[in-house]
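Structure, as structure tokens:
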Amino acid sequence: MAKSPGENGPRAPAAGGSLSGTRESLAPGPDAATADELSSLGSDSEANGFAERRIDKFGFIVGSQGAEGALEEVPLEVLRQRESKWLDMLNNWDKWMAKKHKKIRLRCQKGIPPSLRGRAWQYLSGGKVKLQQNPGKFDELDMSPGDSKWLDVIERDLHRQFPFHEMFVSRGGHGQQDLFRVLKAYTLYRPEEGYCQAQAPIAAVLLMHMPAEQAFWCLVQICEKYLPGYYSEKLEAIQLDGEILFSLLQKVSPVAHKHLSRQKIDPLLYMTEWFMCAFARTLPWSSVLRVWDMFFCEGVKIIFRVGLVLLKHALGSPEKLKACQGQYETIERLRSLSPKIMQEAFLVQEVVELPVTERQIEREHLIQLRRWQETRGELQCRSPPRLHGAKAILEAEPGPRPTLQPSPSIRLPPDALLPGSKGKPKPPKQNQKEQKEQQKQAKESGQLDKTSTSSQAKLVPAVGNACPPQDVPPKDPVHQDPAPQDSAPQDSVPQDSAHHRSQESLTSQESEDTYL
């Protein structure tokens, strides 16, 4: 997949017209069809006469290429349990990433609940942190006119992105407008990279799960952290990864590797779209979402594993190679893969079990980079190092960053019953700070009593440790103030107790971020 302005180049604007670089440039002209004129009414599919057609749970028109047949349905009770677990993780994200990252990885392999997928992708990719670190940046880019050499190329690509999905079915509809905004903003954010056609399906998948601003920052993370260099002008990073994939195939499936070597088929002929679009244009949609769940958590090794599994099961046995005697037949086999090997449950299980690690990928990367330098010289595009998944991105975050633990939006009074609790409400537990404060106050009070008692007894202080008189027993500072906690005056309660209680509330402000 070539860089957009490379082979054909950007098309010049028509005479008498100019591209403003804003969403108004997508508005249909006066000769547009009535359906396009009504695209702002209701959903885009309704405006184009698809209101009577059925839409599947992913938003595709039933019967279209993107729609699927039988899907793996998760029982409702299991889905609700997974949602509850993911809500707990997202509401305490930093703690889970620091101490229970393996648990997050296992839950990503099982599949993120659809209602929380967009929010989870933002947290896993670090897009949420990027957004918090750059408030108002996307709006600034969105209002900028943009570079004219990219705008026409982007507009020509909009209608090609999932045309049978209800978000993108209408020319100039809401989905295409947001897609244009995100892609244009990236060309302004990284003008040295500009726009590559493979970025459009990536951004479109993100927009299916989150608003435009969040989708923009997730796209930035994919281009800079997960797949750096993939969308640069020379596409050198994707060429290197093609050689890495082919080398790893020799260990995973020697039969497939030998066949591709004999046919002299360059890896770029079959893996470019796979890797640059993260299989969004290759797999059934349920499999795409499961692959992306794992990809955001574990990084590019998931993309390598999926590619190796497809090659292994498409060309990995002599029986399958009987119909692939030539180069053309082999490439056609890889372009029209068997639905069985792309089926969600089968593919995910194979990907999870395939023993390909980050260390193997990085070791092979150094080998291929050395060969590249020996045969072609130095790389022209110096991309940042690739980070393997959410944990590596979190650890590489420079300097102090805002915590992702949400602040509660519901604060319960101290005597309120929690939902599902029985019996009388218990007083809030004191933390260690409060206990030390009370002990300190009690100790000071006890020392004052000791001083008054000793002065009444007319004791002469001696050098060294002073002992209390025998007829006045020493008072225990801890038991000096026997008043219970609930009988203490209101102004003696520390100010942070309200904050302490608010941490136990059930609903958080972050729940509003869930994008359905």
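Here are a few things to note about the model shown:
- Number of positions in segment 88-102 that are part of a helix (DSSP H, G or I) and either in contact with a strand residue (DSSP E or B) (Cβ under 8 Å, 6 or more places away or on another chain) or under 20 Å from Met294 (Cβ atoms) (or both): 8
- Taking (1) farther than 30 Å from Lys110 by Cβ; (2) surrounded by fewer than 19 Cβ atoms within 10 Å (Cβ to Cβ) in turn, Lys251 satisfies each apart from (1).
- Pair list, Cβ < 6 Å and 6+ apart or interchain, from segment 244-264 residues that are of a type in the set (S, T, N, Q) to residues that are part of a helix (DSSP H, G or I): Ser247/Glu364; Gln250/His257; Ser253/Lys312; Gln263/Gln327; Gln263/Thr330
- Against the numbered list (1) within 22 Å of Asp139 (Cβ to Cβ); (2) aliphatic (A, V, I, L, M); (3) within 22 Å of the chain's Cα centre (by Cα), Ala198 comes up short only at (1).
- Candidates are the residues of segment 162-171 that are surrounded by 23 or more Cβ atoms within 10 Å (Cβ to Cβ) and not aromatic (Phe, Trp, Tyr); the one that is farthest from Leu283 (Cα to Cα) is Ser170.
- Contacts under 6 angstrom Cβ, first residue in segment 217-243 being of a type in the set (Asp, Glu), partner open to solvent by 10 Å² or more (accessible area, probe 1.4 Å), 6 or more apart: Glu233/Lys3; Glu236/Leu379; Glu236/Cys381; Glu243/Gln368
- Unique residue being of a type in the set (D, E, K, R) and under 30 Å from Glu83 (Cβ atoms) when the list is Arg119, Arg160, Arg156, Arg171: Arg119
- Residues (open to solvent by 60 Å² or more (accessible area, probe 1.4 Å), more than 19 Å from Gln197 (Cβ to Cβ) and in a loop (DSSP other than H, G, I, E, B)) located in segment 133-161: Pro135, Pro145
- Test: residue in segment 179-198 that is without any contact (Cβ under 8 Å) to a residue 24 or more places away in the chain and more than 24 Å from Leu124 (Cα to Cα): yes
- Wholly within segment 290-389, helices (runs of 4 or more DSSP H) carrying at least 1 residues that are open to solvent by 10 Å² or more (accessible area, probe 1.4 Å) and within 26 Å of Ile104 (Cα to Cα): 301-315, 339-342, 344-353, 358-376
- Applying the criterion of being within 18 Å of Ser125 (Cβ to Cβ) and free of Cβ contacts under 8 Å to residues at least 40 places away in the same chain to the residues of segment 81-100, the residue that is surrounded by the fewest Cβ atoms within 10 Å (Cβ to Cβ) is Ala98.
- All positions within segment 297-314 that are within 21 Å of Gln360 (Cβ to Cβ) and of a type in the set (A, V, I, L, M, F, W, C): Cys297, Val300, Ile302, Ile303, Phe304, Val306, Leu308, Val309, Leu310, Leu311
Residue-wise test of (1) of a type in the set (A, V, I, L, M, F, W, C); (2) open to solvent by less than 10 Å² (accessible area, probe 1.4 Å).
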{"position": "Gly175", "(1), (2)": "no, yes"}
{"position": "Lys184", "(1), (2)": "no, yes"}
{"position": "Gly194", "(1), (2)": "no, yes"}
{"position": "Pro211", "(1), (2)": "no, no"}
{"position": "Ile238", "(1), (2)": "yes, yes"}
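The values are calculated or read from the model by the stated rules, or taken from the named source; none is laboratory data. Just so it is clear, the structure is predicted and the values come from calculations on it, not from any experiment. As a convention, Cβ positions derive from the backbone with ideal geometry for all residues, glycine included, and neighbour counts pool all protein chains shown. Side chains are part of the model used for accessible areas, which takes the heavy atoms of the whole protein and leaves out ligands, DNA and RNA. Shrake-Rupley method; radii C 1.70, N 1.55, O 1.52, S 1.80 Å.
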